[in-house]
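What follows draws every value from the coordinates through simple rules; no lab data is involved. None of these values were measured; they are calculated from a predicted model. Here the Cβ is made from the backbone with ideal geometry for all residues, glycine too, and neighbour counts use every protein chain on show.
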Amino acid sequence: VAEIPVIFRGWIHPPRVTHRRRGPTGRPRQTPRLVACSRPFLAVGEHLEQTPKMRDQPWQRFHVKDGEKGPMVWEAKHIWFYPNGVDDVPLAPLHLIVARSVWEPDKIKFLVADAPRETPLTVLLHVAFSRWRVERSFEDQKTELGFDHFEGRSYIGLIRHQTITALTHLFLSRVNQQWRGEKSGTDRLPNSHGG
């Protein structure tokens with residue numbers, strides 16, 4: 001699940017694509033193209049306002065999780081979406097999720113997911129809003145394990161450095177868990193039963 005900008009473009013209904021030759025004797029096309037009278041693509045924000053299938057769909061309310069400031073409750077709409085690809089040809093379909101906060105209705109997020117079609121919306125929202133754990137992991141790797149000390153120039157080098165710090169983080173958390181053992185009781189003080 002990934003958050004996308006409001007200008008991300010595509011179709012709710014897949015447009016027709018053709019591979020026809022350029023002329024009766026011409027060479028076949030190397031790349032497909034849209035049929036001449038196809039629907040134009042729209043941004044996801046425009047789909048929310050203009051497309052009846054999306055606009056008229058009722059909002060479904062979900063309690064995503066309990067946060068530090070209280071429960072996170074979001075309303076969501078879900079539809080199958082065909083993103084705009086190279087040469088304005090539709091790509092493989094994705095889940096399009098529009099979520100708005102119940103407490104702040106102006107806060108709207110647009111998300112896409114490439115999960116299987118039968119994946120329930122609750123699972124997609126749970127994955128979408130579990131970013132905190134990933135961000136916390138990156139923060140620990142930067143502050144404690146030296147992930148921010150990388151000064152290379154290649155993407156492959158960055159990925160290797162990130163992999164090493166992630167493995168180091170996993171190793172240290174496992175060692176900490178083994179050395180800590182079982183959780184101790186509350187200060188090992190006697191309770192009301194004399195234990």
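Annotations
- When the C-alpha to C-alpha distance is required to be over 19 Å, the pairs from 69/142; 77/107; 65/107; 65/109; 65/142 that qualify are 69/142; 65/142.
- Overall shape: oblate for segment 47-150, with the ratio a/c of the largest to smallest alpha carbon gyration tensor axis at 1.5 or above and b/c at least equal to a/b.
- Of (1) 227; (2) 133; (3) 154, the label for volume of the Cα convex hull per residue in Å³ derived from the coordinates: (1)
- Sequence-ordered 3J(HN,Hα) estimates for segment 72-89 from the Karplus curve with 6.51, -1.76 and 1.60 and θ = phi - 60° stand at 9, 10, 10, 9, 9, 10, 9, 8, 7, 9, 10, x, 7, x, 5, 6, 6, 9 Hz, glycine and proline given as x.
- Among the chymotrypsin sites (Phe, Trp or Tyr not before Pro) within segment 47-120, those in coil by DSSP and having at most 12 neighbouring Cβ atoms inside 10 Å are 103.
- With Cα atoms, 0 to 90° folded angle of helix 155-180 axis to the chain main axis: 30
- The helix-only estimate of mean residue ellipticity at 222 nm for the chain, built from DSSP H runs of length n ≥ 4 each weighted as -39500 (n - 2.57), is -9500 deg cm²/dmol after division by the residue total.
- Using alpha-carbon coordinates, inclination of helix 131-144 to the longest axis of the chain, degrees: 60
- Amide H partners (placed H, <5 Å) of residue 115, local residues excluded: 95
- The ellipsoid that matches the Cα gyration tensor of segment 82-123 has semi-axes, each √(5λ) in whole angstrom, of 25, 16, 5, with the longest given first.
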